[in-house]
Amino acid sequence: MELLFLGTGAGVPSKERNVTAIALMLLQEANSIWLFDCGEATQHQILHTSIKPRKVNKIFITHLHGDHIFGLPGFLSSRSFQGGEDELTIYGPKGIEEYVRTSLELSGSHLTYPLSFVELREGKILEEEGFIVSCKKLDHGIPSYGFRIEEMNKPGELQVEKLKSAGINPGPVYSLIKENETTTLEDGRMIHRKDYIGPDKPGRHIVILGDTRSTELNQDFVQAADLLVHEATFDKESYELAHNYYHSTTAQAADLAKAGKVKKLVLTHVSSRYQKLDLDQLLDEARAIFPNTEIAHDFFKLSVPSH
């Protein structure tokens, strides 16, 4: 499980940062890639990566501001030319289907694959491929959502020594025991998996928030996440500006990470007013509150290790 940041800027693209798009790489877990937001020129960014557009089968849109959706029609069209045949589902606020279908219709674009839509409502929106995805409405100028991606727990390790002590020698039967609730051995004995397997391995939890004012109301939603991705449009001294424009500061993002007891914080959606020389200051502001913080840049890749 990896996150690849394709765009990390806010509002408009700059020479240093494209606008928002994040790829959740689930190639080992589900043989797929999930995209979170699709700002202008996302498909151009993808050209500089190993991502195959046909592997993207789900797109989650946090909200309908242009810097989060203007890349959608182009990406969807190009996917047809790049071997995309499997269904793609777009999860987004009310209006996302009208936007996409109108763009494709007026441009005479025809897709080679089925396209479906799920309109966001708070709560669980997806449960499949070993994952549960929930969403929460945030505090922004238009409806904006955050997503919590929870990997389901996996069965623990087989207790090999215990199996050997029971006279069950290594072989294909070990796989049968791990994959089935009960297994009947050649000697007629019925083996119950729960008696020969260790504790479940906890799944990983990632939270990706769309544009939002910082609010304590998000604390339960991010609680104990392995990774929190939070916007940091402004520096900590620009609190009033952030509030007026429904955004967050570096310090506010760090405060939420600390209160929510998350393991790691990654800041993104950085205003174009900040240049490379300003990044150390932004990072220091957040780390003063929550030390395990990073600021994403375009093509920043981060692995989320198993427990």
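The values are calculated or read from the model by the stated rules, or taken from the named source; none is laboratory data. The structure presented is a predicted model; accordingly, all values stated were derived computationally and were not measured. Heads up, the Cβs are rebuilt from the backbone with ideal geometry, glycines too, and the neighbour counts pull from every protein chain shown.
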### Summary
Reported set for segment 240-258 where residues are of a type in the set (A, V, I, L, M, F, W, C) and over 21 Å from the mean Cα position of the chain (by Cα) is Leu241, Ala242, Ala251
### Count of residues meeting criterion [surrounded by fewer than 19 Cβ atoms within 10 Å (Cβ to Cβ), over 17 Å from Gly146 (Cβ atoms) and touching a residue at least 40 places away in the same chain (Cβ under 8 Å)] in segment 236-274
2
#### Entry: Identity of the residue in segment 37-52, within 17 Å of Val100 (Cα to Cα) and without any contact (Cβ under 8 Å) to a residue 40 or more places away in the chain, that ends up surrounded by the most Cβ atoms within 10 Å (Cβ to Cβ)
Cys38
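Loosely packed, with under 12 Cβ neighbours inside 10 Å, basic (Lys, Arg) and not in a loop (DSSP other than H, G, I, E, B), is that true of Lys136? I'd like the intermediate steps shown before the answer.
Values: loosely packed, with under 12 Cβ neighbours inside 10 Å: no; basic (Lys, Arg): yes; not in a loop (DSSP other than H, G, I, E, B): yes.
No, not satisfied.
How many residues, within segment 91-135, are more than 26 Å from Leu27 (Cα to Cα), touching a residue at least 24 places away in the same chain (Cβ under 8 Å) and within 21 Å of the chain's Cα centre (by Cα)? Steps first, answer last, please.
Going residue by residue through segment 91-135, those that are more than 26 Å from Leu27 (Cα to Cα) are 93-110, 121-122.
From what is left, the residues that are touching a residue at least 24 places away in the same chain (Cβ under 8 Å) are 93-96, 99-100, 103-104, 107, 109-110.
Subset that is within 21 Å of the chain's Cα centre (by Cα): 93-94, 96.
Summing the residues that are more than 26 Å from Leu27 (Cα to Cα), touching a residue at least 24 places away in the same chain (Cβ under 8 Å) and within 21 Å of the chain's Cα centre (by Cα) in segment 91-135 gives 3.
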### Query
Can you pull out the residues in segment 11-59 that are modelled with pLDDT of 95 or more, more than 29 Å from Gly130 (Cα to Cα) and among the basic types (Lys, Arg)?
Arg17
### Message
What's the number of the only condition in (1) within 24 Å of Gly141 (Cα to Cα); (2) at pLDDT below 95 that Gln275 fails to meet?
### Response
(1)
### Query
Does segment 238-248 include one or more residues that are modelled with pLDDT of 95 or more, in a strand (DSSP E or B) and touching a Lys or Arg at 6+ places or on another chain (Cβ under 9 Å)?
no
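Would you check which residues across segment 112-125 are touching a Gly at 6+ places or on another chain (Cβ under 9 Å) and at pLDDT 95 or above and list them? Don't jump to the end; show me each part of the working.
Applying the first criterion (touching a Gly at 6+ places or on another chain (Cβ under 9 Å)) to segment 112-125 yields 112-113, 117-120.
The answer is Tyr113, Phe117, Val118, Glu119, Leu120.
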### Task
Kindly establish whether Gly146 is assigned to a strand (DSSP E or B) and in contact with a Lys or Arg (Cβ under 6 Å, 6 or more places away or on another chain).
yes
### Query
Of all residues in segment 86-111, which are surrounded by 12 or more Cβ atoms within 10 Å (Cβ to Cβ) and under 17 Å from Lys52 (Cα atoms)?
Asp86, Leu88, Thr89, Leu111
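Quick check on segment 214-234. Is at least one of its residues hydrophobic (A, V, I, L, M, F, W, C) and at pLDDT below 95? Please lay out each step first, then the result.
Our first condition is that a residue be hydrophobic (A, V, I, L, M, F, W, C); within segment 214-234, this holds for 217, 221-222, 224-225, 227-229, 232, 234.
Those still in the list that are at pLDDT below 95 too: 217.
Yes.
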#### Entry: In segment 15-30, residue surrounded by the most Cβ atoms within 10 Å (Cβ to Cβ) [restricted to those that are in contact (Cβ under 8 Å) with a residue 40 or more places away in the chain, over 13 Å from the mean Cα position of the chain (by Cα) and assigned to a loop (DSSP other than H, G, I, E, B)]
Asn18
